[in-house]
1. Could you tell me whether any residue of the range 74-83 is among the acidic types (Asp, Glu), part of a helix (DSSP H, G or I), modelled with pLDDT of 85 or more and closer than 30 Å to THR310 by Cβ?
2. Of the residues THR213, THR201, which is among the polar types (S, T, N, Q), in contact (Cβ under 8 Å) with a residue 60 or more places away in the chain and under 21 Å from ILE249 (Cα atoms)?
3. Among the listed residues ALA49, ALA38, identify the single one that is modelled with pLDDT of 90 or more and either under 23 Å from ILE217 (Cβ atoms) or within 32 Å of the chain's Cα centre (by Cα) (or both).
4. Could you grab the pairs with beta carbons closer than 6 Å, sequence gap of 6+ or different chains, first residue in the range 88-117 and part of a loop (DSSP other than H, G, I, E, B), second one crowded, with 16+ Cβ neighbours inside 10 Å and at pLDDT 90 or above?
5. Collect the residues in the range 178-204 that are assigned to a strand (DSSP E or B) and over 15 Å from ILE272 (Cα atoms), keeping them in residue-number order.
6. What pairs can you find where one residue is in the range 222-235 and assigned by TED's automatic domain parsing to the domain that holds THR132, the other is small (Gly, Ala, Ser), and their Cβ atoms are less than 7 Å apart, with a gap of 6+ or different chains?
7. Just the residues that are on the phi < 0 side of the Ramachandran plot and either surrounded by fewer than 21 Cβ atoms within 10 Å (Cβ to Cβ) or without any contact (Cβ under 8 Å) to a residue 12 or more places away in the chain (or both), please, taken from the range 301-315.
8. Return the pair list, or none, for Cβ contacts closer than 9 Å from residues in the range 156-167 that are at pLDDT below 85 to residues that are exposed (fewer than 14 other Cβ atoms within 10 Å of the Cβ) and not hydroxyl-bearing (Ser, Thr, Tyr), at least 6 apart or on different chains.
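The values are calculated or read from the model by the stated rules, or taken from the named source; none is laboratory data. Nothing here was measured: the structure is a model prediction, and the numbers come from that model. Ideal geometry is used to build each Cβ from the backbone, glycine not excepted, and the neighbour counts take in all protein chains shown.
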Amino acid sequence: MTEVGYGSVRDDAQAEREKLVRVAWYYYRDNLTQAEIAVRLHVSRPTVARLLERARSTGIVTIDIATSGIGGFELSRTLRERFDLDEVVILPAADGSLSGEVTNSRLGFEAAQYLRRYLLPGAIIGVGWGDTVLRSLLALTRPSLNGVTFATLTGGIEAYTRKVSGATNNGISDFIRYIPAPLLASNPSVANALRSEQAVTSVLELARSADATIVGIGAAMPTATILQNGIVKEEQIREYKDKGAVGDIIGEFYDRHGRVLATDLQKVRIGIAIRELRAMKNVIAVAGGSDKTAAIDGALAGGYVDVLITTEDVARRLVEM
């Protein structure tokens, strides 16, 4: 009886292993979907998912990630230590050159994936407008937004708020508390009046208490989105560069050491100061492309960022600088 029992256990184990190998082969080698495998094996799709997970956990399937393109985790570790960051997410270099729009789309998708860890019912997420931030918000899924409140750090920028309001894929505008004012007021008197309005201060206080905050980083250059969106003029960018500006975050310009520069924008700007980011939790900056290296370097030097999501070319240049 003992021998029969032992043989039965052994045969069952062998049959189980063969089933795991078969499922893994269909999925990873034949590129069948889980639903297609379920039909072929006459089981449910959740059963296929469990079998694939068991194949990975038992070592039948091993996954190797080619890290030669980004130097493994070494590049990320070096940047974390150098700039005292909590985390650095690096997008591997793509084949061939990419446009700024494609680069921002890749960054936005990656930022959306990263941000999901904070999207829990009752969570507050601060939002600093920018092209990559906009793409991040639009890449979020509707179910992940349930119970989450997004609070803007500054007054609105029409180019962004219009696209968010028109988003039908996830309806994210329903979850955003907007500051009822533009980023830049028409004159200092109007700006002072708006800053004292309870409708403005309540959103700013909510943003300051955020569980995580996502911001973009702009470069002080002719292709900057802050210029393309008509927020500043070309002569202003030249003036700021003459003062040593390398980039801006939420409408405030800073130099390569991260020091905020005195500009005419500060008299009419509506929003929190970037120095406040240092005291806020989990500030995530999403920016990439070699033309933003100096701007990103300055932002990190200023201590405004806890998490950096960027491209491989920028990461390598930051290490070399």
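1. Looking through the range 74-83, at least one residue is among the acidic types (Asp, Glu), part of a helix (DSSP H, G or I), modelled with pLDDT of 85 or more and closer than 30 Å to THR310 by Cβ.
2. Going through THR213, THR201 in turn, just one is among the polar types (S, T, N, Q), in contact (Cβ under 8 Å) with a residue 60 or more places away in the chain and under 21 Å from ILE249 (Cα atoms): THR213.
3. After ruling out the rest, the residue left standing is ALA49.
4. Pairs found: PRO92/GLU312; ALA93/GLU312.
5. Listed by number, the list is empty, since nothing qualifies.
6. Sorted first by the residue in the range 222-235, then by its partner, the pairs are ALA224/GLY218; THR225/GLY130; THR225/GLY218; ILE226/GLY218; ASN229/ALA159.
7. Across the range 301-315, the qualifying residues are ALA301, ASP306, GLU312, ASP313.
8. The qualifying pairs are GLU158/GLY230; ALA159/GLN228; ALA159/GLY230.
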